[in-house]
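Trainee: Take this structure first; my questions come after.
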Amino acid sequence: MAEVQIYGWGHGDTYSERVLQHLIDAHDVISFDIFDTLLMRTVLDPTDVFEIVEKRAERHGMHLPDFKFERLGAEYRILSSGRRHSLPEIYEDVRQRLDLLPEEAAWLKACEWQVEQEVIRPRENVCAWMKRAKAAGKRVVLVSDMYLSTEEIQFLLKKWNLTEYDAIYLSGEYGSGKPEALFDHMKKEQQGERYLHIGDYPVSDGTSANAH
């Protein structure tokens, strides 16, 4: 098994950019993580999205002081049970735990999706590398542990004119994350001799990618 090599670079870091260009040139299939890599949320922590939803729910007439805790718990429970952690399934769990009406759960789910759209921005330097890889004739795919659907991810990417990719692989739709078999699903459909994955998290984007 090859040794994991993790490179970091910033705007104007010419040395690291040369390294990354060399790596892209040397591989057939280039996969990018999505959140915190291609796209970022303009909040201190991704779970702050749930606090925004809770505050808007309060203004909407729903007092849910345990919402953030239950929203995080729902995702954990679904993942632990081996089910696919889609947003509808997450909010069905939330509905049951908080004893909500179906229309209340639907409002919360729609609110979360609206907040996501509002806080998402592109990481321009990484997006530029995705465009360069595609222009160089590489097979470019997106691989992410994410509960949003392919259609929702495509909407967010298109909003920022990010269309230079060939396929999307999401844990919520394959029922398997990066540490399990998500990279294997990708490799089965995207044939190549050498694969390069670019992401932000050393475990799922470094160790897990290398293991697969």
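The values are calculated or read from the model by the stated rules, or taken from the named source; none is laboratory data. Keep in mind the model is a prediction, meaning the values are calculated, not measured. As a convention, Cβ positions derive from the backbone with ideal geometry for all residues, glycine included, and neighbour counts pool all protein chains shown. Protein only, heavy atoms only, side chains kept; ligands, DNA and RNA dropped before computing areas. Shrake-Rupley method; radii C 1.70, N 1.55, O 1.52, S 1.80 Å.
Trainee: ³J(HN,Hα) across segment 174-181 via Karplus (A = 6.51, B = -1.76, C = 1.60, θ = phi - 60°), whole Hz, x for Gly/Pro?
Mentor: Working through the residues one at a time gives 9, x, 7, x, 4, x, 8, 9 Hz.
Trainee: How much area per residue is accessible in the chain when the probe is 1.4 Å and only protein heavy atoms are counted (Å²)?
Mentor: Dividing the accessible area of the chain by its residue count gives 53 Å².
Trainee: Apply the Karplus parameterisation 6.51 cos²θ - 1.76 cosθ + 1.60, with θ equal to phi minus 60°, to every residue of segment 112-121 and state each ³J(HN,Hα) to the nearest whole Hz, in sequence, with x for glycine and proline.
Mentor: Using θ = phi - 60°, the values come out as 4, 4, 5, 5, 4, 4, 6, 9, 7, 9 Hz.
Trainee: What distance in nm separates the two pseudo spin-label positions at R132 and A181, each 7 Å out from Cα along the beta-carbon direction?
Mentor: Spacing of the two 7 Å Cα→Cβ label points: 3.6 nm.
Trainee: Evaluate the distance, in nm, between pseudo-label points positioned 7 Å from the Cα of E193 and of E103 along their respective Cα→Cβ axes.
Mentor: Distance between label points: 6.2 nm.
Trainee: Further question on the same structure: Of all the accessible heavy-atom surface of the chain, with the other protein chains kept in place and a 1.4 Å probe, what percent is carbon and sulfur?
Mentor: Looking at the chain in its full context, I get 51 percent from C and S.
Trainee: Let me ask something else about it. Enumerate the lysines that K134 could reach by cross-link, defined here as Cα to Cα under 26 Å, with residues fewer than 8 away along the same chain left out.
Mentor: Those lysines meeting the cut-off are K158, K159, K178, K187, K188.
Trainee: May I pose another question? If I build a Gaussian network model for the chain, linking alpha-carbon pairs within less than 10 angstrom, which residue out of G61, G199, G73 has the largest mean-square fluctuation?
Mentor: In this elastic network of the chain, the residue with the biggest mean-square fluctuation among G61, G199, G73 is G61.
Trainee: Now for a different question. Magnitude of the Cβ-charge dipole of the chain, K/R +1 and D/E -1, about the Cα centre, nearest 20 debye?
Mentor: Magnitude of the dipole: close to 480 debye.
Trainee: Of Q117, A74, Y147, whose Cα points farthest to the positive end of the dipole of the chain (charges on the beta-carbon: +1 Lys, Arg; -1 Asp, Glu; origin at the Cα centre)?
Mentor: Toward the positive end, the furthest listed residue is Q117.
Trainee: Between E124 and E51, what is the FRET efficiency for a Förster distance of 25 Å, r being their Cβ-Cβ separation, to the nearest 0.05?
Mentor: In this case the efficiency is close to 0.40.
Trainee: Based on DSSP, what percent of beta bridges with both residues in segment 1-158 are antiparallel, to the nearest 5?
Mentor: Antiparallel bridges make up about 40 percent of those DSSP assigns within segment 1-158.
Trainee: Using θ = phi - 60° and the Karplus curve 6.51 cos²θ - 1.76 cosθ + 1.60, what whole-Hz ³J(HN,Hα) does each residue of segment 66-79 get, with Gly and Pro shown as x?
Mentor: 9, 4, 4, 4, 6, 5, 5, x, 4, 5, 4, 5, 5, 4
Trainee: Quick one: which residues, 5 or more positions from A167 or on another chain, have an amide H under 5 Å from its amide H? H modelled 1.01 Å from N in the peptide plane, none for Pro or chain starts.
Mentor: Under 5 Å from the amide H of A167 lie the amide H atoms of L142, each far enough along the sequence or on another chain.
Trainee: Let me have the 222 nm mean residue ellipticity of the chain computed from DSSP H runs of 4+ only, each contributing -39500 (n - 2.57), with the sum over all residues rounded to the nearest 500.
Mentor: -15000 deg cm²/dmol
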